[in-house]
Amino acid sequence: MASGLVLNHELSKLFNQLWDADVNRFGPGRDYTISLQGKADFVPQGVHRTVDHASQALFLWVNESRLRSTKTFAAFISLLDNYETSTGVAEVVTPEEEAENNRFLDAVLETEVMKLAHQYLVGKNWSKPSLVDFRAQLYRIWFQLYTREGRQGPDSCGFEHVFVGETRRGQDILGFHNWVQFYLQEKRGNIDYKGYVARRHKSRPDEDDQVLNLQFSWKGLVKPVGSTFLGVSPEFEFALFTIVFLQSQEKVTRVLVRIEEYELQLVVYRHGRHIGSAYPILLSSNNEDLY
């Protein structure tokens with residue numbers, strides 16, 4: 001998986017600073033509880049019947065009042081219903097939705113996490129010092145619509161793909177790497193968690209792991225492996241993936257970093273001047289020595 005990738009020390013150091021600065025992050029056991037249950041079977045992409053190794057939901061409890069009273073989370077949640085999830089179906093962005101996008105960007109830009117990210121990007125000459133310019137850059141990268149599929153007009157954007165999730169021709173789940181969306185969709189009965197996907201060197205994750213590989217179904221389709229951060233704030237993911245995206249002009253950028261005890265590969269796909277997809281792949285965690 002990570003063949004040929006060398007640990008990026010500069011980004012590891014920066015991302016740990018962002019992790020420590022992430023005061024809005026939810027703590028396992030304190031702000032939410034999950035139940036991992038069984039290990040999911042291997043399922044090839046495009047197969048939609050799978051054995052369910054989890055009779056219960058993944059999220060047993062989430063502190064919703066904290067979720068809805070934290071500015072960035074509240075602004076983030078307001079964006080989740082703004083999208084038509086099928087690719088090939090043109091998106092219509094209403095002025096109200098545009099205002100919600102901007103309100104979300106304003107909220108994340110006030111956080112220490114985004115301030116540190118901005119400082120770093122300015123130092124690299126990848127972003128302009130002016131907040132107005134930086135915000136416009138973030139808007140373009142994440143919210144500007146583009147055509148992923150078909151000729152119906154722009155049907156997708158980075159934010160929708162990564163955080164909300166999309167479906168393609170009723171066949172595949174695309175994107176969908178965010179824990180808040182997972183929790184809210186699960187609560188509405190739209191998601192069936194099927195079990196965790198084990199990773200190298202460790203037979204079983206722990207309930208307090210904040211990066212997980214999961215298998216689930218959504219809208220009748222199965223996502224064989226979806227990797228996601230748990231508990232982190234939207235600004236943390238936004239900062240991480242924006243920095244990786246701006247690193248290079250490659251179609252796919254992969255960086256190997258160590259955040260806390262997690263060794264991760266962060267993967268970002270470019271769609272022209274926009275994010276096509278972005279997610280973490282959990283490679284290992286040095287917690288296994290403790291058990």
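The values are calculated or read from the model by the stated rules, or taken from the named source; none is laboratory data. Here the structure is a predicted model, which is why all the values come from computation and not from measurement. Backbone-built Cβ (ideal geometry, glycine too); neighbour counts: all protein chains shown. Just the protein is used for accessible areas: all its heavy atoms, side chains included, with ligands, DNA and RNA removed. Shrake-Rupley method; radii C 1.70, N 1.55, O 1.52, S 1.80 Å.
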The number of Lys pairs in the chain whose alpha carbons lie under 13 Å apart, excluding pairs fewer than 8 residues apart on one chain, is 4
Would you please give the FRET efficiency between Gln17 and Phe42, computed as 1/(1 + (r/R0)^6) with r the Cβ-Cβ distance and R0 = 41 Å, to the nearest 0.05?
-> 0.65
At a 1.4 Å probe, what is the % contribution of carbon and sulfur to the accessible area of the stretch 9-284?
-> 49 percent
Provide the FRET efficiency to the nearest 0.05 for the Asp206-Leu131 pair, computing r from the beta carbons and using R0 = 41 Å.
-> 0.55
Surrounding charge for Pro28, neighbours by C-beta under 9 angstrom, Lys/Arg +1, Asp/Glu -1, total -4
Short version: ³J(HN,Hα) in whole Hz for each residue of the stretch 217-224, in order, from phi by Karplus 6.51 cos²θ - 1.76 cosθ + 1.60 (θ = phi - 60°), x for Gly and Pro, what are they?
-> 10, 8, 6, x, 10, 9, 9, x
